[in-house]
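Bear in mind these aren't lab numbers, they're just calculated from the coordinates by the rules spelled out. Values in this document were obtained by computation on a predicted structure and should not be read as measured data. Every residue, glycine among them, receives a Cβ derived from its backbone with ideal geometry; neighbour counts consider all protein chains shown.
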Amino acid sequence: MTTRRLRAAAATLLILALSVPLLGAAPAAQGAQSSSQVPYTSGLTLPLPTGPYTVGSRALHLVDRHRTDPWVPTAGNRELMVSVSYPARGTSGSPAEYMTADEAQLLLEARGLGSVVPAATVAEVRTHAQEGVRPAPGRFPLVLLSPGFSMPRITLTAVANDLASRGYVVASVDHAYESVGTAFPGGRMLTCVACDQVNTPQEKAAVVRGRAKDLSFVINELTKGPKAGALSRAIDPSRIGIAGHSIGGASAAATMAADHRVRAGVDLDGDFYLNPAAAGLGLRPFMMLGAESTHSPDSENTDWSEAWKHLSGWKRWLTVTGAEHFSFTDLPYLAGQLGLSDPAAPLSGERSWYITRDYVAAFFDLHLRGIPQPILDGPVAAHPEVVLRQR
């Protein structure tokens with residue numbers, strides 16, 4: 001998908017998801033907690049995690065002092081903001097925020113909604129993670145998440161928290177100057193400088209290669225860096241996986257090719273951009289899960305068929321009928337609980353979430369834990385929208 005189409009699709013979905021509270025009280029989501037239990041005011045909430053663990057959350061500011069930022073060289077070293085979701089002990093923490101009010105305001109202004117939608121509508125989305133709680137005893141697999149181009153890491157919060165509740169440490173990464181707005185320490189707000197510099201396939205490939213370096217650096221910092229602290233002791237460095245949405249999915253494959261510590265990867269509706277596509281993974285498992293309309297074997301303008309040829313290990317190519325590009329993120333779920341739908345995506349936000357949750361968790365449970373997952377071997381009644389294209 002081109003940068004222009006990505007921005008247009010994001011704007012459409014955000015308008016649906018964010019403007020409705022102005023029309024009146026939002027209807028309660030099915031199964032949502034009562035308002036007396038919700039510490040926020042917007043009425044929007046992310047899906048409840050399904051695993052047995054309480055979810056902890058911690059934000060890390062990481063600086064790679066061996067690299068200069070590729071988009072703003074005068075800024076100096078490459079910086080990343082990372083939200084780490086993890087299995088926690090106890091429930092004495094404070095609720096983790098979805099995004100800051102300043103980030104929300106900048107996002108709204110970028111969409112032409114700054115004077116229409118209160119920033120609190122976005123900033124006060126309820127998450128189900130807690131800050132200030134200790135990791136649970138034990139060592140858990142690590143999964144890294146990389147968002148779509150121009151999208152902040154918060155768009156993958158639901159899948160991050162669900163995986164953490166199932167017993168994974170999950171690092172969601174904001175790549176500096178590649179989102180519409182991300183808060184960094186010192187009161188700095190870094191905006192999407194890269195959005196004005198990336199248009200050609202070669203420039204998109206540069207994004208992918210840069211993110212692969214970012215993600216390997218995050219692995220270094222989480223497994224042996226001083227900032228991770230107790231989190232590093234909760235990670236099993238022999239079980240590392242990676243997933244990403246859109247260009248983040250391409251970055252997942254590129255990271256695997258460059259870093260053999262990563263054992264398994266998932267691409268959520270993203271083209272690969274590098275040539276040859278998805279090369280260098282060896283026998284390590286990889287799954288492609290995308291919208292049927294754009295990532296079927298007969299779809300035009302996608303490199304998935306080429307990537308498929310270069311995947312030599314366990315592999316799956318799955319498409320979702322009725323999905324669109326953002327169906328694999330939080331945004332359709334937030335819109336759906338308000339009774340809205342995106343005209344480009346007949347599949348509801350709730351169904352999109354269940355599919356993303358179940359297939360991503362099944363993939364990592366199989367390949368990082370060795371737990372058999374029949375859902376990955378063929379059609380299942382619970383998800384009739386999912387078509388197994390190749391295996």
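The table below lists the values:
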quantity	calculated
Bins of 10 Å from zero: percent of alpha-carbon pairs in segment 295-391	14, 41, 35, 9, 0
Diffusion constant of segment 240-365 at 4 °C, which comes from Stokes-Einstein with the Kirkwood Cα-pair radius and 1.567 mPa s, µm²/s	89
Directionally averaged shadow of segment 349-391, computed from the convex hull of its alpha-carbon atoms, nm²	3.1
Two-decimal Rg to Rh for segment 195-278 - Kirkwood Rh, Cα set	1.03
11 Å beta-carbon shell around Arg65, net charge (K/R +1, D/E -1)	0
For Arg239, residues with placed amide H under 5 Å, excluding near neighbours	Leu142
Cα-based convex hull volume of segment 3-390 per residue, rounded to whole Å³	131
GNM result for the chain, Cα springs below 10 Å: residue of Ala291, Ala250, Ala228 fluctuating most strongly	Ala228
Per residue convex hull volume, Cα atoms of segment 101-203, in Å³	135
Anchor Lys204: lysines whose Cα lies under 20 Å away (excluding residues fewer than 8 positions away in-chain)	Lys213
Under 5 Å, built H, 5+ apart or other chain: amide partners of Leu347	Ala323
GNM top mover of Val208, Val133, Val169 - the chain, alpha-carbon springs below 10 Å	Val133
Estimated inter-spin distance, Ser312 and Thr50, nm [label 7 Å along Cα→Cβ]	3.5
Over the chain, relative contact order from alpha-carbon pairs under 8 Å, at least 6 apart, %	16
The chain: calculated mean residue ellipticity at 222 nm from DSSP helix runs of at least 4, using -39500 (n - 2.57)	-9500 deg cm²/dmol
Net charge of neighbours whose Cβ lies under 13 Å from the Cβ of Ser232, counting Lys and Arg as +1 and Asp and Glu as -1	+3
Gain in span if fully extended, Val63 to Ser238, counting 0.36 nm per residue against the direct Cα distance	60.6 nm
